[in-house]
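All remarks here apply to the structure that follows.
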Amino acid sequence: WIILDGDLDANWIESMNSVMDDNKLLTLASNERIVMKPHMKLIFELRDLKYATPATSSRAGVLFITETNQWWNMVQTWVMKREDDSSERKTILLDLFQTYCPETLKAIKKEFRHMLGDFNCMDYNMIQSLTRVLDSLLTPENLPKNLPNEAVVIESYFVFAAIWAFGSGFTITDGVDMRKNFSSWWKSKWTRVKLPTKGLIYDFFVDKSTYKFTPWVQIVPTISY
């Protein structure tokens, strides 16, 4: 298998058309000819077909994979593999993903810009970051068995993880403080978990002794220079 990963180039892709024909022959600029063997296959892994001509597209079987539901499949697999979680905890997690993620992803595309500029982080990558932060938070130490108000505690950890998974890529872009704007949006949109009114959403963490949002400054040591 020859896997070509990356955007097509309008010049060299035309040279590949003869390779994808029945004769499977590549003719180089030096007039050298290379035959692709019968047991060899080509895969083009592309973001779009912007620079692919109809001649190229017609020679390949095109499989469109949309990003819309891809992250949800990944989340279901991630939850299923959490062997230490009870069925109740797994249900809580799936409900939280369904509650918070679609609306937040929609708002990011519409209202905010990451520090990458026009190339915002992909939905899948942000959700993957969310699961990885949750892996470090939803541990037996932080979530002991028979925990009172378990659903509330899990949601608090989920909110903390979501803030950083979705909002850590924001900075001041074109003179606009995207971190501040995202903080204001989050506080007004998601009110089930109460965050302190003063400061940005980034200024707090979940204290595992009280399961409440606490300012980072309370645990950051004072340094005398």
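The values are calculated or read from the model by the stated rules, or taken from the named source; none is laboratory data. Values in this document were obtained by computation on a predicted structure and should not be read as measured data. In this analysis, Cβ positions are derived from the backbone assuming ideal geometry, glycine residues included, and neighbour counts consider all displayed protein chains. Surface areas here come from the heavy atoms of the whole protein model, side chains and all, with no ligands, DNA or RNA. Shrake-Rupley method; radii C 1.70, N 1.55, O 1.52, S 1.80 Å.
Among the residues of the stretch 7-20, those that are surrounded by 10 or more Cβ atoms within 10 Å (Cβ to Cβ) and in a loop (DSSP other than H, G, I, E, B) comprise D7, L8, D9, A10, N17, S18, V19, M20.
Yes or no, residue by residue, for (1) assigned to a helix (DSSP H, G or I); (2) touching a Leu at 6+ places or on another chain (Cβ under 6 Å); (3) more than 28 Å from W71 (Cα to Cα):
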site: D135; (1), (2), (3): yes, no, no
site: T139; (1), (2), (3): no, no, no
site: Y157; (1), (2), (3): yes, yes, no
site: A165; (1), (2), (3): yes, yes, no
site: V193; (1), (2), (3): no, no, no
site: P196; (1), (2), (3): no, no, yes
site: T210; (1), (2), (3): no, no, yes
site: V217; (1), (2), (3): yes, no, yes
site: T222; (1), (2), (3): no, no, yes
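Count of the stretch 184-197 residues, restricted to those that are modelled with pLDDT under 90 and either surrounded by 18 or more Cβ atoms within 10 Å (Cβ to Cβ) or polar (S, T, N, Q) (or both), is 1.
To keep it simple, each residue is scored yes or no on (1) more than 18 Å from T210 (Cβ to Cβ); (2) β-branched (V, I, T); (3) without any contact (Cβ under 8 Å) to a residue 40 or more places away in the chain.
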site	(1), (2), (3)
D95	yes, no, yes
T99	yes, yes, yes
K109	yes, no, yes
M122	yes, no, no
S129	yes, no, yes
P144	no, no, yes
W164	yes, no, yes
T171	yes, yes, no
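Of the residues that sit in the stretch 198-208 and are within 23 Å of T171 (Cβ to Cβ) and either aliphatic (A, V, I, L, M) or assigned to a loop (DSSP other than H, G, I, E, B) (or both), which one is most open to solvent (accessible area, probe 1.4 Å)? Filtering first and then ranking leaves K198.
Whenever a residue of the stretch 200-225 is acidic (D, E), its partners that are surrounded by fewer than 10 Cβ atoms within 10 Å (Cβ to Cβ), lying with C-beta atoms within less than 9 angstrom and at least six residues away or across chains, give the pairs D207/Q218; D207/I219.
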